[in-house]
Amino acid sequence: MSQPQAVAELLTSALGRRTFLGAALTLAAGGSLAGTPVQDHPVAAATTGPPVLQPGTGPAEGRYIQAGPQTVQWGELPNRLTPPIAEVPSGSVVTIDTISHEGLLEDQGRNPLAYFGSHGVPPQQVLRDAVAVAAHKQHTGPGPHVITGPLCVTGAMPGDVLKIEVLRLRRRVQYGVISSRHGRGALPGELPEEFTKDPACRKYLIADGNVSVFTPVRRVGREDRGVLPGPGGASFPLDPFLGIMGVAIDTTAMVNSIPPTVAGGNMDIRDMGVGCTLYLPVQLPGAGFHTGDPHFAQGDGEVALTAHEASLRATLRLTVVKPGGPAPAVAFSYPFAETPEYWLPIGLSDPDGPVGGQYTSLDLAMKTAVRNALAFLHQELGLDGPVAYAYLSAAASFVVSQVVDITTGVHARIRKADFRRD
């Protein structure tokens, strides 16, 4: 183990919250305490040709969790009644296969072999677990997402925090899909309705007048990029992340996979890639960690409805933090994240999930993000209230996470480099 890795392990296991945050400031220039590298342990030989991570092939670290009809939920998130698919000790490294819902949905034919084949993808490059889920898993929830989990994390109890470190994200395929659907997105009632009237857009239409844009990954210069079809030569850099990371909600009601909640879920925060640490308040014994909605890329806001949706293999470290331990105080009641460069206080327009309906309001999300940012700066860094408010106004960025998930989201980016350790 290198010296920075050893220091990170020591700090996260041995120091209290304030000391932990001070140490994080010291290390910020060289990397955060999140994302300590781990070694590859191949599961089986990968296929030749373009890299496709079929289930059970390719590298994985720690406990390996496959996705399939027996280990996923479709359209809903775990609740109090959902049995765990596996149990792991606190501090475990787990590698989890995730499946994008795009190419599996009913308006795309619920046949990924046929859908992706129509875009020139050979059968051996279509994920076998995606085919199995489409064929054999009932789509029970109102959301579109395929969710792997839940995992029981030993020792997690309500009042604790589950700390999720994103160590590695591997592309399972070399293509993805970007979709917009009626009544969804930033312009419901306007788009994609207007597209259906334009003959030039017909090639992008799927069932029910919805739109899906197949977007392969291609090498452009020295980097892999998502390459969009049609005139203009548009492409974009890849920056993978998991749209959904959450803990189970303490309810017996069905939990729609679309709106994010106090338990995390579909927050769609593009900053939560490799090197990010997410802190979630545990709602039930064992936490019930789950993940899905993998992305290759997304713009802030995710305005069309989806972004570059595509399957990932995620390697994460799951750690239980008890009250007073190395996690921000706000994280014991609300989601909070950090990257090597930023702290990310989060605000949601309606964090209560299935309770009392959903509120779609950027005003509410913004106000909550500001309140959580103020609490973080005061409680963890010791800033006086007026100074914390002044700092946020002068130096922090408040970003629209997404406007398409019923419950809207805003998160702050607070630069770690702006704060010195005394």
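Just so you know, all these numbers are worked out from the coordinates, no wet-lab data involved. Because the structure is a prediction, the values reported are computed rather than measured. All Cβ positions, even for glycine, are placed from backbone atoms using ideal geometry, and neighbour counts span all protein chains on display.
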Structure-based [θ]222 nm, the chain - -39500 (n - 2.57) summed over DSSP H runs of at least 4, per residue, nearest 500: -5000 deg cm²/dmol
For residue 222 and residue 140, what is the calculated FRET efficiency with R₀ set at 56 Å and r taken between the beta-carbons, to the nearest 0.05? 0.80
Between region 388-422 and region 116-144, the alpha-carbon center distance in angstrom: 37
Can you return the aspartates and glutamates within cross-link range of residue 137? Criterion is Cα-Cα under 17 Å, with same-chain partners fewer than 8 residues away left out. 76, 97, 102, 106, 107, 129, 293
Distance in nm between pseudo-label sites at residue 198 and residue 322 (7 Å out along the Cβ direction from Cα): 5.9
At a Cα cut-off below 24 Å, give the lysines reachable from residue 367, other chains included and same-chain residues fewer than 8 away excluded. 416
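Under the √(5λ) rule applied to the eigenvalues of the Cα gyration tensor, what semi-axes describe the equivalent ellipsoid of region 234-323? Give them in Å, descending.
Values: eigenvalues 124, 49, 21 Å².
Equivalent ellipsoid semi-axes, largest first: 25, 16, 10 Å.
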In the neighbourhood of residue 364 defined by beta carbon distances under 15 Å, the net charge of the other residues (Lys, Arg +1; Asp, Glu -1) is -2
Please report the net charge: other residues with Cβ closer than 14 Å to the Cβ of residue 79, K and R +1, D and E -1. -2
Please get the size of the charge dipole for region 149-294, origin at its Cα centre, with Cβ charges of +1 on Lys and Arg and -1 on Asp and Glu, quoted in debye to the nearest 20. 680
How big is the dipole moment of the chain about its Cα centre under a simple scheme where the beta carbon of each Lys and Arg is +1, that of each Asp and Glu is -1, and everything else is neutral? Debye, nearest 20, please. 780
Assuming R0 = 45 Å, can you tell me the calculated FRET efficiency for the pair residue 415 and residue 250, based on Cβ-Cβ distance, to the nearest 0.05? 0.80
Region 250-310 and region 184-242 have their Cα centres apart by a whole-number Å value of 22
Taking region 311-377, the equivalent ellipsoid from its C-alpha gyration tensor has semi-axes in Å, biggest first, of 23, 17, 14
Using the Cα atoms of the chain, I'd like the radius of gyration and the largest Cα-Cα distance, Dmax, both in angstrom. 20.8, 64
Rough spin-label spacing in nm, given labels placed 7 Å along Cα→Cβ, for residue 81 and residue 119: 3.6
Residues with beta-carbon under 13 Å from that of residue 342, excluding residue 342: net charge, scoring Lys, Arg +1 and Asp, Glu -1? 0
Work out the FRET efficiency for residue 362 and residue 234 from their Cβ-Cβ distance, taking R0 = 30 Å, and round it to the nearest 0.05. 0.65
Longest DSSP-loop-exposure-free segment, trypsin sites (Lys or Arg not before Pro), the chain, at most 12 other Cβ within 10 Å: 1-221
For region 180-230, the spread of Cα positions along each principal axis, largest first, Å: 40, 23, 15
Find, to one decimal place in angstroms, the Kirkwood hydrodynamic radius of region 295-417, where the mean of 1/r is taken over every pair of different Cα atoms and then inverted. 15.8
